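Taken together, the values in this text are just the output of simple stated rules run on the coordinates, not laboratory data. For clarity, every value in this text was computed on a predicted model and none was experimentally measured. Every residue, glycine as well, gets a Cβ built from its backbone with ideal geometry; the counts of neighbours run over all protein chains shown.
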Amino acid sequence: MNFNETKIRVRYGETDQMGVVYHANYAQYFEVGRTEWLREFGLTYLRMEEEGIMLPVVSLTINYKNSARYDDVLKVKTTLKKMPTASIEFNYELRNQSDELLATGNTILAFIDKDKNRPTRCPKYLLDKLQNYSL
């Protein structure tokens, strides 16, 4: 499989008085998709941090199409855009339970050596897990 799909239910606190999801929450939905994508490969941010790798977001793009609303069940589709080097890039689609496209997005995260606080290459253990991943 070349993507991950994760479901999230919109909570009341993520919306404004009209029941519409506040725009900044879409970035959090993408983060959930990204962490679940990693989990499919047996990886977590916690494990990577324990092994000395940090993954800060260096670029985030969101294109809003329709509004997500309170109690919607959202589906975040997360796809690896290309094989990682010193960074890793994901594309996202966010849809509601009616399969309406709500937003698309992209993030780029840098691999940072925690001790040196400097960019580093993608860890070999991640590249090994992605060996059979089809883009």
Only counting other Cβ atoms within 10 Å, I'd like Glu40, Glu50 sorted with the fewest neighbours first. Glu50, Glu40
Provide the per-residue ³J(HN,Hα) series for segment 60-73, in order, calculated from phi with Karplus coefficients 6.51, -1.76, 1.60 and θ = phi - 60°, each as a whole number of Hz, with x at glycine and proline positions. 9, 10, 10, 10, 8, 10, 9, 8, 7, 10, 3, 6, 4, 9
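Within segment 3-129, how many Lys pairs sit with Cα atoms under 15 Å apart, leaving out pairs fewer than 8 places apart on the same chain? Display every interim value, and only then the final one.
Values: Lys7/Lys75; Lys7/Lys77; Lys65/Lys75; Lys82/Lys129.
Taking the Cα cut-off of 15 Å, the pair count is 4.
Quick check: convex hull over the Cα atoms of segment 3-129, volume per residue in Å³, rounded to an integer? Let's see the in-between values first.
Numbers: hull volume 13.3 nm³, N = 127.
Dividing the Cα hull volume of segment 3-129 by its residue count gives 105 Å³.
Give the longest segment of the chain that steers clear of trypsin sites (Lys or Arg not before Pro) in DSSP loops with at most 14 neighbouring Cβ atoms within 10 Å, not counting the sites themselves.
12-64
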Net charge near Ser87, counting Lys/Arg +1 and Asp/Glu -1 over other residues with Cβ under 12 Å of its Cβ? +2
Under 5 Å between amide hydrogens, which residues at least 5 positions from Val58 or on another chain qualify, with H placed 1.01 Å from N in the peptide plane? Ile108, Leu109, Ala110
Ranked from fewest to most other Cβ atoms within 10 Å of their own Cβ, Leu55, Leu60 fall in the order Leu60, Leu55
If each DSSP helix of 4+ residues adds -39,500 (n - 2.57) and the sum is divided by the residues in the chain, what number results at 222 nm, nearest 500 deg cm²/dmol? -6000 deg cm²/dmol
Work out the charge dipole of segment 83-135 with +1 on the Cβ of Lys and Arg and -1 on the Cβ of Asp and Glu about the Cα centre, then indicate which of Leu109, Tyr125, Met83 is farthest towards its positive end. Tyr125
Under 13 Å from the Cβ of Lys114, count the other residues' Cβ atoms, weight Lys and Arg +1, Asp and Glu -1, and hand me the total. -2
Quick one: helix 25-40 against the long Cα principal axis of the chain, what's the angle to the nearest 10°, folded into 0 to 90? 50 degrees
Long-range amide H partners of Thr15 with built H, under 5 Å: Tyr22
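What is the order of Phe41, Phe90, Phe30, fewest Cβ neighbours within 10 Å to most?
Values: Phe41 14, Phe90 21, Phe30 24.
The most exposed by this proxy come first: Phe41, Phe90, Phe30.
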Which ³J(HN,Hα) values in Hz, rounded to whole numbers, follow from the phi angles of segment 82-87 under the Karplus curve 6.51 cos²θ - 1.76 cosθ + 1.60, where θ = phi - 60° and Gly and Pro get x? 7, 4, x, 10, 8, 9
